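This report concerns only the one structure given below.
The values are calculated or read from the model by the stated rules, or taken from the named source; none is laboratory data. Computed from a prediction, not measured in an experiment: that's the story for all the values here. Glycine also receives a Cβ, built like all others from the backbone with ideal geometry; neighbour counts cover every protein chain displayed. When the accessible area is computed, the model is the full protein with side chains, heavy atoms only, and any ligands, DNA or RNA have been set aside. Shrake-Rupley method; radii C 1.70, N 1.55, O 1.52, S 1.80 Å.
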Amino acid sequence: MSGRNPPTPTRRTLLLAAGAAGLTTACGAAAGQGPGKVAVHGDNPAWAVPMTAAGKELKAVAGLELVPEVIPSLESFEQIVKSSLRTNKTPDMLKYWSGYRLQDLARTGGIEDLTAQWEAAASRGWVDTSLRDAFTYRGRVWALPMNLAYWVFYYNPEVFADNGLVAPQTWDEFETACDRLKGAGITPLHGTADGRWPSFIWFQEVLSRQDPQFYEDLMNGRRKYTDPRAERALRTLVEFFDKDWFTPMDMNHNTAAAAVLQGKVGMVPCGTWLGSTLVAAGGKPGQNLDAFVLPMADPAARPSMIFESSAFVSTVKGPDKKEALKAAGSWLHPKVARAFAHTLQDGSPNPQVPPANPMLDGVARKAREDKLWMLNRFWEQGPPELVEATVDDLAGFLLNPSSYRKVLRTMQERADEAWKVWREAEQS
């Protein structure tokens, strides 16, 4: 995911040129790997070690080794990938996104249909079948899930206990916790526009707890941002700003993680992939670190939470296509899935893989026992160009909360045009 603002046209051209050059070099290297090795390109250096760990198990069960490669210029990752699919310099496999971003990639004709691999995994109980829609386009499956990140609120149980608090089970308890932490001199909530993409987090979290069905409909273009329910979500956040519950909007997740452990910030919303950052900062799950699912604001609404799952994609023109398809077929094998999830310290799409740590176990049990409706993350929902623009609009709102009505109108104007273009392409 991009960590910076959109570049100017001139700078974008330079980035794409530099990225494409790096991709050509990397793919050339991947093409010369020889039998038994499959190159996997992604946008996150932190995934190299988990991919290597999974590769060791993959070699044991399928005779294949994964060679992780990070594409340079993360800012232009998607454009570089799409450009490479039209050449013979494309990688064997990709770490990509689910949802509409994957659909957009499938439309290029450059990636393989993995429906057979999905169905084989499902028949063995190796995949949570509720995730299928996130990887489907026109009835076919175009990728396998790599991880299963739950979106939670991290907190410090010791700080909560010192202030007479426990993890909130209701929305009222959540607001009470915010009030009490604020009274104790602790900033209750981390909010940020730093890195740009996190700007959607609070809109996503509040709207999905106030009205999950509306969230699902809005993200799929069936409802409007000018609807009173979308306005209610932003007004709720305006109230949080008025109560001074948020950190400065330039505080990044790494700084916020340390601040939670230090008792300076009360709660940080993020995917469970942030857990490794918190542990690296000194967090000890069950002691000074834990996580809870944000309660429903409307108790009558269907209980829900946000999930995130990266896509394991096989390309049509990859140099080792047959081996890539074989790797896809074994990716969800329990030994491979466990090695990846436990090294990454994140959830697994394979229900047979035990949680990597007690904190994840608690979240997974909550999702399972309460039969939570798993809603795909904002970033994967909707035409990519629309999501990118809407994230910028939400960043503007976070920096100027009083602008919420204007922001909603602007977002809907963008949505009207983007969905029109998307649906016309769908019919072609």
| said: Could you work out the relative contact order of region 171-318? I mean the mean sequence separation of Cα pairs under 8 Å and 6+ apart, divided by the number of residues, in percent. | reply: 34 percent
| said: Keeping every protein chain present and rolling a 1.4 Å probe, give me the accessible area per residue for region 240-331 in Å². | reply: 38 Å²
| Under the classification rounded if a/c is under 1.5, otherwise prolate if a/b is larger than b/c and oblate if not, where does region 275-331 fall, given a ≥ b ≥ c as square roots of the Cα gyration tensor eigenvalues? | oblate
| field | Within region 189-213, backbone nitrogen closer than 17 Å to the virtual label 7 Å beyond the Cα of K406 toward Cβ | value | none
| query | Please identify the trypsin sites (Lys or Arg not before Pro) of region 84-184 that satisfy two criteria: DSSP loop assignment and at most 13 other Cβ atoms within 10 Å. Which are they? | reply | R86, R124, R138
| note | The ³J(HN,Hα) series, computed from each phi in region 230-237 with the Karplus coefficients 6.51, -1.76 and 1.60 at θ = phi - 60°, rounded to the nearest Hz and given as x for glycine or proline, is 6, 5, 4, 5, 6, 5, 4, 5
| note | Of every Cα-Cα pair in region 169-302, the percentage lying beyond 25 Å is 28 percent
| said: With +1 on the Cβ of every Lys and Arg and -1 on the Cβ of every Asp and Glu, and nothing else charged, how large is the dipole of the chain about its Cα centre, in debye rounded to the nearest 20? | reply: 1000 debye
| query | Structure shown: which of K82/K335; K59/K95; K37/K95; K95/K284; K182/K264 lie over 21 Å apart, alpha-carbon to alpha-carbon? | reply | K82/K335; K95/K284
| Cα convex hull of region 50-115 - mean projected area over all directions, nm² | 5.5 nm²
| message | Which of rounded, prolate or oblate describes region 160-245 when judged by the alpha-carbon gyration tensor and an a/c cut-off of 1.5? | response | prolate
| remark: Non-local residues with an amide H under 5 Å from the amide H of W373, with H modelled 1.01 Å from N and Pro and chain starts lacking one, are S304, M305
| request: Calculate how steeply helix 321-330 sits against the longest principal axis of the alpha-carbon atoms of the chain, using the helix alpha-carbon long axis, and give the answer as 0 to 90 degrees to the nearest 10. | output: 50 degrees
| task | Would you grab the residues whose amide H sits under 5 Å from the one on L148? Only those 5+ places off in sequence or on another chain, please, with H modelled 1.01 Å from N. | result | G347, S348
| remark: Dividing the surface of the Cα convex hull of the chain by four yields a projected area in nm² of 19.4 nm²
| said: What three numbers, in Å, describe the spread of the alpha carbons of region 313-368 along their principal axes, ordered from the longest? | reply: 42, 19, 15
| message | Could you compute Rg(Cα) / (2.2 N^0.38 Å) for region 58-156, with N its residue count? | response | 1.22
| field | FRET efficiency estimate (nearest 0.05) - Cβ-Cβ, E385 to D162, R0 45 angstrom | value | 0.45
| Can you tell me the Rg and the Dmax, both Å, for the Cα atoms in region 134-182? | 18.5, 53
| field | For region 242-378, convex hull volume per residue from C-alpha positions, Å³ | value | 170 Å³
| said: Under the rule a/c < 1.5 gives rounded, and otherwise a/b versus b/c splits prolate from oblate, where does region 368-428 land using the Cα gyration tensor? | reply: oblate
| request: Could you pull out every one of the lysines with an alpha carbon less than 25 Å from that of K224, ignoring same-chain neighbours closer than 8 positions? | output: K406, K420
| message | Leaving out ligands, DNA and RNA, and with a 1.4 Å probe, what % of the accessible surface on region 201-291 is carbon or sulfur? | response | 45 percent
| task | Taking every pair of Cα atoms in region 318-410, average 1/r, invert it to obtain the Kirkwood radius, and report Rg/Rh to two decimals. | result | 1.15
| field | Loop-resident sites, region 360-417, for GluC sites (Glu not before Pro), counting at most 15 other Cβ within 10 Å (DSSP) | value | none
| remark: Taking max minus min of the Cα coordinates of region 241-304 on each principal axis, largest first, gives extents in Å of 38, 29, 18
| request: Compute from the Cα atoms of region 82-234 the Rg and the Dmax, the latter being the longest Cα-Cα distance, and quote both in angstrom. | output: 20.6, 61
| request: Quick one: which residues, 5+ away or cross-chain, put their amide H under 5 Å from the amide H of Y137? H built at 1.01 Å from N. | output: W142
| Relative contact order of region 314-356, defined on C-alpha pairs under 8 angstrom at six or more residues apart (%) | 27 percent
| task | Taking every pair of Cα atoms in region 205-277, average 1/r, invert it to obtain the Kirkwood radius, and report Rg/Rh to two decimals. | result | 1.06
| message | For region 302-346 and region 60-125, what is the centre-to-centre distance using only Cα atoms, to the nearest Å? | response | 10 Å
| query | Under a point-charge model restricted to the Cβ atoms of Lys and Arg (+1) and Asp and Glu (-1), what is the dipole moment magnitude of region 154-311 relative to its Cα centre, in debye to the nearest 20? | reply | 240 debye
